[in-house]
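Input: a single structure, listed below in structure tokens.
Derivation of every value follows stated rules applied to the coordinates shown; laboratory data play no part. Given the structure is predicted, the values throughout are model-derived calculations rather than measurements. All Cβ positions, even for glycine, are placed from backbone atoms using ideal geometry, and neighbour counts span all protein chains on display.
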Amino acid sequence: MNIMLLGAPGSGKGTQAAMISGRYGIPHISTGDILRQAVTDGTGLGLKAKGYMDRGELVPDEIIIGVVEECLQEKDCERGFILDGFPRTVAQAESLEKSLKGMGRSLNVVLNIEVEDEEIIRRLTGRRICERCGRIFHLLFDPSKKGEVCEVCGGDLYQRVDDTEETVRRRLEVYKEQTAPLIDFYERRGLLRNVQGEKSAADVFEHIQGALEGIRG
Ligand code: AMP
């Protein structure tokens, strides 16, 4: 099954993609994760992407399109994939459609996770990540039992530079201007399924599983 997750930053795409990947055994391709890893590793891609990411802007299409094309050629994507955070512009969506067509494939479904702006701001500005084990906490909804350090491994917790309120608001603007037009794009192709995202991760996942039933990949 070839799945794409659409939704604003903080709508829970990453969490749901990981759950879908576990349940259906297909790889999770997160362009945000790939770019953050590239920044950490100091690769050419990371150096090009860092400034855009820190400002909450999108990395230019020509950079990210090549990255995803390479991933889709991997053997583990043959049985299907979950795209999380890509495409994010109409140009990216058109390019994806073309690449998949060239491989004799296409998307089977686009899950659009809907969450209100104020909820997104609450979710993202409170997010804290363990620098050692990567465990994600939330100051209000899921705080570490050890306060400022990770309750699992004792590592320090940090906030992503793009999770400050100012940058989250910028990311939401960018989403509305450049990514939200994809809702229409995929609606017209009959691929869109809306998912109410303001529930627990388990409840959202249940809804998604219902939406995926009957879709053939
Ligand atoms: P995310 O973790 O998906 O919110 O992505 C974090 C940042 O990575 C975004 O704010 C962008 O700067 C960059 N990024 C991720 N995916 C894309 C994409 N498909 N196109 C352009 N920039 C992207």
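Compute the helix-to-body angle for 201-212: its Cα long axis versus the longest principal axis of the chain, expressed 0 to 90° and rounded to tens.
0
Suppose only helical runs count, i.e. DSSP H with n ≥ 4. What mean residue ellipticity at 222 nm does that imply for the chain under -39500 (n - 2.57) per run, divided by all residues and rounded to the nearest 500 deg cm²/dmol?
It lands at -14000 deg cm²/dmol.
Tell me whether the range 99-146 comes out rounded, prolate or oblate; compute the Cα gyration tensor, take square roots of the eigenvalues as a ≥ b ≥ c, and use a/c under 1.5 as the rounded threshold.
Oblate, because a/c is 1.5 or more while a/b does not exceed b/c.
Can you list, largest first and rounded to whole Å, the semi-axes you get for the range 112-217 by taking the square root of 5 times each eigenvalue of its Cα gyration tensor?
Over the Cα atoms of the range 112-217, the ellipsoid semi-axes are 31, 19, 11 Å.
Separation between the Thr164 and Arg55 pseudo-spin-labels, each 7 Å from Cα along Cα→Cβ, expressed in nm?
1.5
Between Glu78 and Thr15, what is the FRET efficiency for a Förster distance of 22 Å, r being their Cβ-Cβ separation, to the nearest 0.05?
Calculated transfer efficiency: 0.30.
Holding the Cα-Cα limit at 26 Å, pick out from Lys13/Lys48; Lys13/Lys50; Lys48/Lys176; Lys146/Lys176; Lys75/Lys199 the pairs that are longer than that.
Lys146/Lys176; Lys75/Lys199
Hey, rough spin-label estimate for Met1 and Ala201, points 7 angstrom out along Cα→Cβ, what's it come to in nanometres?
Between Met1 and Ala201, the simple spin-label model gives 1.9 nm.
Around Asp142, with a cut-off of 12 angstrom between Cβ atoms, what is the net charge of the other residues, counting Lys and Arg +1 and Asp and Glu -1?
Value of the local net charge: +4.
Neighbouring Cβ atoms within 10 Å as the yardstick, rank Leu140, Leu182, Leu6 fewest first.
Leu140, Leu182, Leu6
Is the range 37-97 best put as rounded, prolate or oblate by its Cα gyration tensor, with a ≥ b ≥ c the root eigenvalues, rounded for a/c under 1.5, and otherwise prolate when a/b is larger than b/c, oblate when not?
Oblate is the answer for the range 37-97, as a/c is 1.5 or above yet b/c matches or exceeds a/b.
Which one of Lys50, Lys199, Lys98 has the biggest mean-square fluctuation once the chain is modelled by GNM with Cα springs under 10 Å?
Lys199
What is the projected area of the convex hull of the Cα atoms of the chain, averaged over all directions, in nm²?
11.8
Return the single residue from Ile63, Ile113, Ile82 with maximal mean-square fluctuation; model: Gaussian network over the chain, springs between Cα atoms under 10 Å.
Answer for the Gaussian network model of the chain: Ile63.
Compute the acute angle (0 to 90°) between the alpha-carbon long axis of helix 13-24 and the principal axis of greatest extent of the alpha-carbon atoms of the chain; round to the nearest 10°.
Around 60 degrees separate the two axes.
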